[in-house]
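To start, the structure itself, in structure tokens.
The values are calculated or read from the model by the stated rules, or taken from the named source; none is laboratory data. Being a predicted model, the structure only gives us computed values, none of them experimental. FYI the Cβ positions are ideal-geometry reconstructions off the backbone, even for glycines, and counts take in every protein chain you see. What goes into the accessible areas is simple: the full protein's heavy atoms, side chains included, and nothing from ligands, DNA or RNA. Shrake-Rupley method; radii C 1.70, N 1.55, O 1.52, S 1.80 Å.
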Amino acid sequence: MTMFRRYTASAHRAMARAGLLSLEAGRTVLDEDAVLLALAETRPFEGPLGEFSLDAEAVRVSVVPPGEGESLAALGIDTGRVRRRMAGLFPVDDPAHWHLRRSTVRPLRVTLYGPVGELVLTARARKVVEVAAHHGGTVVTGEDLLRGLLADGRNRSISLLRHHGVPLHPLAAALGLTSRAA
């Protein structure tokens, strides 16, 4: 059973985008930085969230440095061509083709499955989705994913938010978190 059954369409789309970003960079895991970049790109928030004034392109340079995806090119794999061919078969960015599942054998392993690959979530990315699901009540929103990012002050995304001038305490307050969370 997919964990996305409780996600809003926009939160589901953001997680699918995070998966695509990781795969395009040649990564084999999904980390919290990709989730942050996907949130900056898709802005899957139910209401206005002015405190989350984050430029996606500026974050992209920090999260996916130029050349990180070049290892596939060194093997002769043109990722752009592969994506174009795959897009002809089905839309790879369609959230309906992306599923988030927890292993029944290894309960701490959560994997994002998509039409062009699968990614095991790092411990910190898993924490993001678990905090989001716990806080979300009946549905998980983009705000809940952002709460999950803010829940661990040691993750790199917090540093990126600070570096890009996002006021963490007002953002935490807008999300209904205590100031200790940021």
Residue among 14, 34, 40 that alone is in a helix (DSSP H, G or I), small (Gly, Ala, Ser), open to solvent by less than 30 Å² (accessible area, probe 1.4 Å) and without any contact (Cβ under 8 Å) to a residue 60 or more places away in the chain:
40
Across segment 92-134, what is the total count of residues that are in contact with a His (Cβ under 8 Å, 6 or more places away or on another chain) and either of a type in the set (S, T, N, Q) or buried (at least 18 other Cβ atoms within 10 Å of the Cβ) (or both)?
5
Could you list, ordered by first residue, the pairs with Cβ atoms under 6 Å in which the first is in segment 154-182 and over 22 Å from residue 140 (Cβ atoms) and among the basic types (Lys, Arg) and the second is modelled with pLDDT of 90 or more and open to solvent by 40 Å² or more (accessible area, probe 1.4 Å), at least 6 apart or interchain?
none
Restricting to segment 17-31, count the residues that are among the polar types (S, T, N, Q) and crowded, with 23+ Cβ neighbours inside 10 Å.
1
Quick one: is residue 145 surrounded by 18 or more Cβ atoms within 10 Å (Cβ to Cβ), farther than 15 Å from residue 7 by Cβ and hydrophobic (A, V, I, L, M, F, W, C)?
no
Segment 116-126 - residue that is over 12 Å from the mean Cα position of the chain (by Cα) and modelled with pLDDT of 90 or more and, of those, nearest to residue 32 (Cα to Cα)
123
